[in-house]
């Protein structure tokens, strides 16, 4: 039965976080397993790790009362158990089922957080059926007592789990030699020594079990017996282990257990001979610093990370934001006081405010740093999907990853995962050609997909680049014309045409495949990226490939904004999306096809009037001199005409709530610190909105 | 006064927090956590542990190996150990009992069941 009724929501959140981690890990490991299978390799440790993932998830979900998840994990665990025990042979069909299990588990976890778990009952039942169909045992070796043949003592074998027993038999029946490696380490620093020993042994063969045992110096030392299955001879093993203070005992001779008894008897004698070289050898171990240092090392490694709900960090960031605002008002009071000739105190207050500003900046940076996670986490997900899709499509793709340690706000990383995945799917689906086609046009059989990210000022740039066929501008033009998305393409530049793929309902796929063309278009990709104040841009060369560039702010929590004034209202616009601001005379404005433009350094810059975008009635005439705030990325720019620029300020963007979700061009509201609340413009959204309106 | 100290050994953070929040209802006890058999071996000499609750299936040093160590060690051999495992691993539980586990719990279990078992050792 479950305990879900009596446990706190916090603990459930712990469950979801951990369960998601397990499923993520399962996916990565399954991809590895599939890769190895393809290359005809196998790795019992990997298989066991996958099994353990499913096993943990089953136990956890059961404890938390999510029976459907527990059942699905249980079925997967069964299949994995049969696999690791050698009762089922790995095949494409089995791999496919395992991948589908992982996918189902991910779906169930999402449903769990949304409270819709029960709706997936049928999928779980179907999953059970699919798994049971797989469980046809292959013939295994008849039971034989490997322990007797090896002459292993009960103490050694008594603590072996069923799986470890199986691995022992497996190693034995494959003709590998089984060794018992005995080692003794200081109690307070055993972990480093044991890890070093295990590393060496893993290179020599398979470590079947690690049994801690009681040594001769109970108070200060801990001993281990490791069971190793290996093709190496005793002599080769001794050479490998010559720097380690261990004893190597081969098994297989029936008198082995007697030997132990004998050595017990002669212990006193041995102690004298063996002990001193053993101690000196332990000192030689690379990872064996002084005891005091060890203590701190091991204590730290027990709890070096804290899992924090992102909501708590948001709250903290909000408070920091409020503090920043409070500081702004103190500063402005100081300035006003100075103007009013309270000079002495005004200067002191001004100094104190400056000091406060510095400390606040530190605090802000500290909180911001906590929110940052490396883009590498995203890469991991993507590379899994890439491997999966390329396998399904029979395309050879080499993935090159750059800048995986570039850091971004966790919230941004999460919100761009889907758009990024879509871009990558498109690149594999439509970009990179089949191996045959690639060879035919004189390219490498392997397609290359480059994912790179780097920081550029206050932005992080993520690029997805493929060396596939590129995007055919002509095809896009025809498609847009035939769909009635544009009336005439004659006056459109290549870039304008390329931008059409971001229009709703556009898809260039010649045939709908499993992967792309699911109805989610590039317009959704652009909107999702715009939702986190990001921009996306494409470059392409027919026959050579395409590059998608996503430009993102490093964080959304606190941004520097340009405060603008237009038609009696004040707005903020993120400084990261502003390219420049210029002074505009009415006489500079020309009209092209009824739309206002200005010439800016030999280029035509389309203009947008905010009062028109938001349907605001202006009282009186606009001022003779106005400003143009140029926003945009790369070649796509737009000039927003405003009456005045009021300055720069740090603002905290607060969402408007779901009622205003469909509102285009506004990314939220912000407090100016003087009781005034203003709207924050979303430059990316405004650009795509204008494109949509002006596309025909 | 020294508090009754329980060492929880489980590689699942969520499982550990669940155990902790259940055990905390007992009042005057102290809970020490270890994420695996390794950590448990590190914790043992540093903390005066009065009871161990351990999962079986963990990487590297599993719960059975930990139990075997405890029972064979002069210092810790009297230490009560409750083994926790997922249903279906009956063989492992049998092994646990034969190695000298005082009690075992099969996941999923009711919190009351855990409290009842733990109270026997307080």
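Taking 0.36 nm per residue of separation and subtracting the Cα-Cα distance, full extension of the segment from residue A:677 to residue A:441 would add 79.0 nm. With no solvent and one point on each alpha carbon, what is the Debye value of log10 I(q)/I(0) for the stretch A:4-134 at q = 0.10, 0.17, 0.18 Å⁻¹? Calculated log10 I(q)/I(0) at the listed q: -0.30, -0.83, -0.92. For the pair residue A:21 and residue A:603, what calculated FRET efficiency results from E = 1/(1 + (r/R0)^6), where r is the Cβ-Cβ distance and R0 = 30 Å, to the nearest 0.05? Using R0 = 30 Å, I get an efficiency of 0.05. With the simple model of a label 7 Å out from the Cα in the direction of the Cβ, residue A:116 to residue A:434 spans 3.7 nm. Computing FRET efficiency as 1/(1 + (r/R0)^6) for residue A:455 and residue A:216, where r is the C-beta to C-beta distance and R0 is 60 Å, gives about 0.60.
Roughly how many Å is it from the Cα centre of the stretch A:38-58 to that of the stretch B:56-122, as a whole number? The stretch A:38-58 and the stretch B:56-122 have Cα centres spaced 25 Å from each other. Were the residues from residue A:125 through residue A:306 laid out at 0.36 nm apart, the gain over their Cα-Cα distance would be 61.5 nm. Evaluated at q = 0.21 Å⁻¹, a Debye calculation over the C-alpha positions of the stretch A:428-495 (equal weights, vacuum) places log10 I(q)/I(0) at -0.89.
Inter-chain neighbour count for A:160-166: the average number of beta-carbon atoms from partner chains within 10 Å of each residue's beta-carbon is 5. Per residue, the convex hull spanned by the Cα atoms of the stretch B:4-119 measures out at 91 cubic angstrom. Label zone of residue B:60 (point 7 Å out along Cα→Cβ, amide N under 19 Å): in the stretch A:166-181 this covers A:181. Counts of other chain beta carbons within 10 angstrom of each beta carbon in peptide B:32-43 average 4. Global size of the stretch A:558-694: 14.6, 43 Å for Rg and Dmax (C-alpha atoms, Rg to one decimal, Dmax whole). Size descriptors for the protein assembly as shown, from the alpha-carbon set: Rg then Dmax equal 32.9, 108 Å. Across the stretch A:173-215, the residues whose backbone nitrogen lies under 18 Å from the label position 7 Å along the beta-carbon direction of residue A:242 are A:197, A:200-201, A:204. Note on residue A:524 and residue B:90: the model spin-label points, each 7 Å out from Cα along the C-beta direction, lie 4.8 nm apart.
Model label points for residue A:132 and residue A:176, set 7 angstrom from Cα along the Cα-to-Cβ axis, are 3.6 nm apart.
Summary of the geometry: the stretch A:186-213 and the stretch A:529-544, compared by the centres of their Cα atoms, lie 50 Å apart.
When Rg and the Kirkwood radius Rh are both evaluated on Cα atoms of the stretch A:375-553, their ratio Rg/Rh stands at 0.96. Between residue A:587 and residue A:339, full extension at 0.36 nm per residue minus the direct alpha carbon distance yields a gain of 85.4 nm.
Among B:104-112, A:468-476, sorting by the average number of other beta carbon atoms lying within 10 angstrom of each residue, highest first, gives A:468-476, B:104-112. With 10 Å bins beginning at zero, the pair-distance distribution over Cα atoms of the stretch A:310-373 amounts to 22, 40, 23, 12, 3 %.
Protection proxy ranking for A:320-332, A:153-165, using the average of other Cβ atoms within 10 Å per residue and placing the highest first: A:153-165, A:320-332. Peptide A:61-68 shows a mean partner chain C-beta count of 3 within 10 Å per residue C-beta. Please work out the FRET efficiency for the pair residue A:360 and residue A:45, using the Cβ-Cβ distance as r and a Förster radius of 56 Å; give the result to the nearest 0.05. The formula returns an efficiency of 0.65 here.
Any read-out appearing in this document is the output of simple, stated calculations on the displayed coordinates, not a laboratory observation. Worth saying up front: this structure is predicted, and the values here are computed from it rather than measured. When we count neighbours, we look across all protein chains shown, and the Cβ atoms used for this are built from the backbone with ideal geometry, even at glycine.
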